[in-house]
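Working notes for the structure below.
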């Protein structure tokens, strides 16, 4: 089937990279719209990596910036917005009085849960329209692309070089 992709008829379709990027943009637009419908603040794309990274455990700004691959200054702007929206809080570290670990609030945790559920709804919709095997294959293919790129288990926390 992949061999058929090099046929002249395949030239009528968008190239794979453009299709993949377009699917991402469409998904993010859908996700953000649904989150707003559910009463969450209008997210920016930069919120996702922060929410996912802090879902695992609280982190200082420095460690979080390093984990998601942005500068501490760029992260600071996003964190300020997210704190203002009630998604994050800055706590205290009993071992270092200067450290202010960032953590998700209950509202931030609810936003992560809602985003995850919306993603599962999209996947279920693909399974209904394309068939369960094709949807599973699509997911497996995307996971393979991520693994081959070296993002692996840390995908949820990575910026994938997109600017904050």
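The numbers here are math on the coordinates, done by the rules we state, and not lab data. All values derive from a computational prediction rather than experimental measurement. Neighbour counts are summed over all protein chains in view; Cβ atoms, including those assigned to glycine, are modelled from backbone coordinates with ideal geometry.
Figures for the structure shown
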{"item": "Listed peptides 51-59, 138-146, 26-34 by packing density, highest first (mean Cβ within 10 Å)", "result": "51-59, 26-34, 138-146"}
{"item": "Alpha-carbon radius of gyration plus Dmax, which is the widest Cα pair, for the stretch 27-157 in Å", "result": "16.5, 54"}
{"item": "Chain lengthening between residue 117 and residue 136 when straightened (0.36 nm per residue, less Cα-Cα)", "result": "5.2 nm"}
{"item": "Estimated FRET transfer efficiency when R0 is 30 angstrom, pair residue 148-residue 100 (beta carbons, to 0.05)", "result": "0.20"}
{"item": "Contact order relative to length of the stretch 27-157, as percent, for alpha carbon pairs under 8 angstrom and 6 or more apart", "result": "25 percent"}
